[in-house]
Amino acid sequence: ERNQHLASVALTAEDASIISKQGKRAVYIGIENGFALAKDISRVEEFYNKGARYITLSHSYHNDICDSSTDRAKPEHNGLSAFGKEVVREMNRLGMLIDVSHISDKAFFDVIKESKAPVIASHSSVRALANNDRNMTDDMIRALAKNGGVIQICLLSDYVKDPDTTTVRYKKDQEMRAIYNEKWGTMNDDEKAEFRKQWTEIREKYPRTLANVSDLVNHIDHVVKLVGVDFVGIGSDFDGGGGLSGCNDVSEFPNITREMLR
């Protein structure tokens, strides 16, 4: 209400153009991680009634809906669970967008097979250019386009360009990640505070070189050449680790436009 002169919540596809014509931003509410459904199918409609219009089926770990692309544990469902298929059908019925970012490759193809409506990858990049499990293979992008969906390229550096594994920063980062993975769950509060302090000091002492806007646009170009311009967008993930050299916040988005024009 305070900012209604700048933006409005959008509840239908048509709202985007209506709100845009008013010179404002259309804001769609989404839920990143279907874990919030708590294996209760009625919660899909409950969140829909609260204004949510898309759900990212999983996040960094497996949940009751599907396997995640980044969980170090072995697959829990080998794709989409029986409950997950029910969720897909219910989201189709209500008209909620299914977001396939973060989910495993097998879960992605299960969703494509199950969904009667186009799906989105809200913030994923191209695996052919940056070999990260969070990114989509060419086969996945082709299937997404055939489905009528869209991949929105993520501005998180490691998803845009493979990191230089020879740098001190990368090696120190890997050492700290190994400690985190092995010991975080058993650390007390003081030990966690000391761990955070050490990791912050390492990152300040050894700043990393971020991928740049040109690297990002290579991903856009790849999708355009592979399936066409209608199936690619931009999904920044600024609040989830996103940010590139030359595009660290929304004020620098014009740099992407400049690079595409170039």
## Note on the structure
Spelling it out for Val232: with amide H atoms placed in the peptide plane at 1.01 Å from N, the residues 5 or more places away or on another chain with amide H under 5 Å from its amide H are Ile151
### Query
GluC sites (Glu not before Pro) within the stretch 1-34: which are DSSP loop residues with at most 16 other Cβ atoms inside 10 Å?
Glu1
### Query
Cα centroid distance between the stretch 88-117 and the stretch 25-57, in Å?
13 Å
### Accessible surface, the chain, averaged per residue in Å² (probe 1.4 Å)
56 Å²
### Message
Taking all protein chains in place and a 1.4 Å probe, what share, in percent, of the accessible surface of the chain do carbon and sulfur account for?
### Response
49 percent
## Note on the structure
Note, Gly235: beta-carbon cut-off 14 Å, +1 each Lys/Arg, -1 each Asp/Glu, net -3
## Note on the structure
Checked the stretch 219-262 with the C-alpha gyration tensor, a ≥ b ≥ c its square-rooted eigenvalues, rounded below a/c of 1.5, otherwise prolate if a/b is larger than b/c and oblate if not; verdict oblate
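Find the relative contact order for the stretch 1-73 and round it to a whole percent, using C-alpha pairs within less than 8 Å whose residues are 6+ positions apart.
Relative CO of the stretch 1-73 lands at 25 percent.
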### Query
Sorted by packing (mean other beta-carbon atoms within 10 Å per residue), highest first, where do 63-76, 42-55, 91-104 land?
91-104, 63-76, 42-55
### Query
So which helices of the chain fit the span-like rule, where a helix is a whole DSSP H run, its Cα atoms reach 18 Å or more along the axis, and its mean Kyte-Doolittle is at least -1.0?
82-94, 213-227
### Listed residue pairs exceeding 26 Å between alpha carbons, taken from Lys39/Lys106; Lys106/Lys161; Lys21/Lys116; Lys50/Lys161; Lys74/Lys113; Lys50/Lys116
Lys21/Lys116; Lys50/Lys161
### Message
Tell me the relative contact order for the chain as a rounded percent, counting alpha carbon contacts under 8 Å between residues six or more apart.
### Response
13 percent
## Note on the structure
Those trypsin sites (Lys or Arg not before Pro) from the stretch 6-40 that are DSSP loop and have at most 14 other Cβ neighbours within 10 Å turn out to be Lys39
### Query
About the Cα centre of the stretch 1-133, what is the dipole size in debye to 20, counting +1 per Lys and Arg Cβ and -1 per Asp and Glu Cβ, all else neutral?
340 debye
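The values are calculated or read from the model by the stated rules, or taken from the named source; none is laboratory data. A quick note: this is a predicted structure, and the numbers were derived from the prediction, not measured. Note: ideal-geometry Cβ built from the backbone for every residue, glycine included; neighbour counts use all protein chains shown. Protein only, heavy atoms only, side chains kept; ligands, DNA and RNA dropped before computing areas. Shrake-Rupley method; radii C 1.70, N 1.55, O 1.52, S 1.80 Å.
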